[in-house]
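The values are calculated or read from the model by the stated rules, or taken from the named source; none is laboratory data. Owing to the predicted nature of the structure, the values given are computational and were not obtained by experimental measurement. Here the Cβ is made from the backbone with ideal geometry for all residues, glycine too, and neighbour counts use every protein chain on show.
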Amino acid sequence: MAYGPPPSPGQGQPQQAPWQQPGNVWQQPQQQPPQQQAGPAWQQQPQQPSGGTAQMPGHYGPVSDDEKTWSLMAYVGQFLIGAIAPAIVYVGKARSPFVRRHAAQGLNMGLAAIAVWIVGGLLSLAVEVLIWLPLGFTAAVMFFLVYAGRAANRGEFRRVPPVVAWPLLKK
């Protein structure tokens with residue numbers, strides 16, 4: 001790349017700005033129309049379905065925005081009202097396999113947190129240092145609520161480890 005004054009114009013040619021001269025590094029590349037990719041089908045990018053729906057892996061079909069919202073509420077509602085939120089989603093909107101799976105996982109997390117707080121609270125009466133057990137478990141639950149909630153909002157499912165979401169309800 002050369003720095004310095006632009007080359008002088010030739011005889012009889014109109015002077016152009018330095019960035020418009022051919023062969024200059026300042027020249028903007030010409031926009032090429034998108035070309036159809038040729039090659040095997042396994043190398044091509046999958047096309048996204050239109051209409052605000054995403055395809056969930058598995059045999060669940062397209063996931064609507066309403067299903068994403070209800071699945072997200074199974075996790076976000078736990079910050080406000082605990083295990084009641086995923087129970088409402090599980091009972092009220094579980095006709096969709098996508099929503100049922102997220103609601104069951106959220107309810108499993110909520111019931112596990114309640115059980116750990118009851119047992120941890122009783123054990124901490126005998127040994128005070130055990131109060132850190134339910135507090136640490138709550139921190140892990142909060143992390144995985146955000147983790148699974150983000151996936152639900154994208155129309156995906158992320159499995160939470162069974163240590164945090166005890167498999168009490170089937171998905």
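Every residue, every condition in (1) within 22 Å of ARG159 (Cα to Cα); (2) in contact with a Phe, Trp or Tyr (Cβ under 6 Å, 6 or more places away or on another chain); (3) β-branched (Val, Ile, Thr), yes or no:
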{"site": "ILE81", "(1), (2), (3)": "no, no, yes"}
{"site": "ALA85", "(1), (2), (3)": "yes, no, no"}
{"site": "ALA103", "(1), (2), (3)": "yes, yes, no"}
{"site": "VAL116", "(1), (2), (3)": "yes, yes, yes"}
{"site": "GLY121", "(1), (2), (3)": "no, no, no"}
{"site": "LEU125", "(1), (2), (3)": "no, no, no"}
{"site": "GLY136", "(1), (2), (3)": "yes, no, no"}
{"site": "ALA139", "(1), (2), (3)": "yes, no, no"}
{"site": "ALA148", "(1), (2), (3)": "yes, yes, no"}
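Assuming GLY110 fulfils every condition listed in (1) of a type outside the set (S, T, N, Q); (2) more than 23 Å from the chain's Cα centre (by Cα); (3) more than 17 Å from ASP66 (Cβ to Cβ) apart from one, which condition is it?
Of (1) of a type outside the set (S, T, N, Q); (2) more than 23 Å from the chain's Cα centre (by Cα); (3) more than 17 Å from ASP66 (Cβ to Cβ), only one is false for GLY110: (2).
Which residues, taken from region 93-107, are buried (at least 18 other Cβ atoms within 10 Å of the Cβ) and assigned to a helix (DSSP H, G or I)?
Passing the criteria: PHE98, VAL99, ARG100, ARG101, HIS102, ALA103, ALA104, GLN105, GLY106, LEU107.
Run LEU125 past the list (1) surrounded by 15 or more Cβ atoms within 10 Å (Cβ to Cβ); (2) free of Cβ contacts under 8 Å to residues at least 24 places away in the same chain and report the number of the one that doesn't hold.
Here LEU125 clears every test but (1).
For region 143-171, which positions are assigned to a helix (DSSP H, G or I), without any contact (Cβ under 8 Å) to a residue 12 or more places away in the chain and surrounded by 14 or more Cβ atoms within 10 Å (Cβ to Cβ)?
Answer for region 143-171, where residues must be assigned to a helix (DSSP H, G or I), without any contact (Cβ under 8 Å) to a residue 12 or more places away in the chain and surrounded by 14 or more Cβ atoms within 10 Å (Cβ to Cβ): just ALA151.
Count, please, the residues in region 144-158 that happen to be over 8 Å from the mean Cα position of the chain (by Cα) and not aliphatic (A, V, I, L, M).
Qualifying residue count, region 144-158: 3.
Considering each of GLY23, GLY51, GLY110 in turn, give the residue that is surrounded by fewer than 20 Cβ atoms within 10 Å (Cβ to Cβ) and either among the acidic types (Asp, Glu) or modelled with pLDDT of 55 or more (or both).
Matching residue, one of GLY23, GLY51, GLY110: GLY23.
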